[in-house]
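First comes the structure, then the notes that go with it.
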Amino acid sequence: GAARQKQAATGGLVEFRGMEDFERMLDEKDAWIVMFYAPWCAHCQAAEPDFQQAALQAPIHFARVDAIKHSEIAERETVTGFPSFRGYSGGRFVKAYSGERTVTGFMGFAKEVE
């Protein structure tokens, strides 16, 4: 509903809770960076603070999805390693990110996806 959209618009990290949320993101056609993570993944945990910080500063939306719990999304997007960072815009996948997992790195990626 409206509250959820308000949260996304004010910046900060959105947690996708299933395929429905993921589909809504594609339907909205806005620019997003999505982090696919696994709860047990140490690299994911290490990247989280910078990803959250970038989410507060970036001009586009940031989200994360538990790729183990919501494996149907990970499979559809052919995500095999964690963490995976992917840019979406205009309702489709734009590019994957493999740079440094820092605020600066994520902000740079946000500009490319925007």
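The values are calculated or read from the model by the stated rules, or taken from the named source; none is laboratory data. Bear in mind that the values here come from a model prediction, so they are computed numbers and not experimental data. Every residue, glycine as well, gets a Cβ built from its backbone with ideal geometry; the counts of neighbours run over all protein chains shown. The protein model used for the area step is the full one, side chains on, heavy atoms only, and it has no ligands, DNA or RNA in it. Shrake-Rupley method; radii C 1.70, N 1.55, O 1.52, S 1.80 Å.
Taking only the C-alpha atoms of the chain, Rg followed by Dmax gives 12.7, 34 Å.
Among DSSP bridges having both ends in the chain, what percentage is antiparallel? Round to the nearest 5.
Restricted to the chain, the bridges split so that about 55 percent are antiparallel.
Estimated at 0.36 nm per residue, the fully extended path between Lys95 and Glu114 surpasses their Cα-Cα distance by 5.7 nm.
Contact order for the stretch 37-85, expressed relative to its length and based on alpha carbon pairs under 8 Å spaced 6+ residues apart, stands at 57 percent. If R0 is taken as 30 Å, the Cβ-Cβ distance between Glu48 and Glu28 corresponds to a FRET efficiency of 0.80.
Could you grab the relative contact order for the chain? Cα pairs under 8 Å, six or more apart, rounded to a whole percent. For the chain, the relative contact order is 35 percent. Computed from backbone phi with θ = phi - 60° and the Karplus coefficients 6.51, -1.76 and 1.60, the 3J(HN,Hα) list for the stretch 29-37 is 6, 6, 8, 9, 10, 10, 9, 8, 10 Hz; x is used for glycine and proline. Per-peptide packing, taken as the mean over residues of other Cβ atoms within 10 Å, places 68-80, 28-40 in the sequence 28-40, 68-80 from highest down.
With 10 Å bins beginning at zero, the pair-distance distribution over Cα atoms of the stretch 55-107 amounts to 20, 55, 25, 0 %.
Look at the Cα gyration tensor of the stretch 19-59: its axes a ≥ b ≥ c give a/c of at least 1.5 with a/b at or below b/c, and that counts as oblate. Take the chain with all the other protein chains still there, run a 1.4 Å probe, and you get 53 Å² of accessible area per residue.
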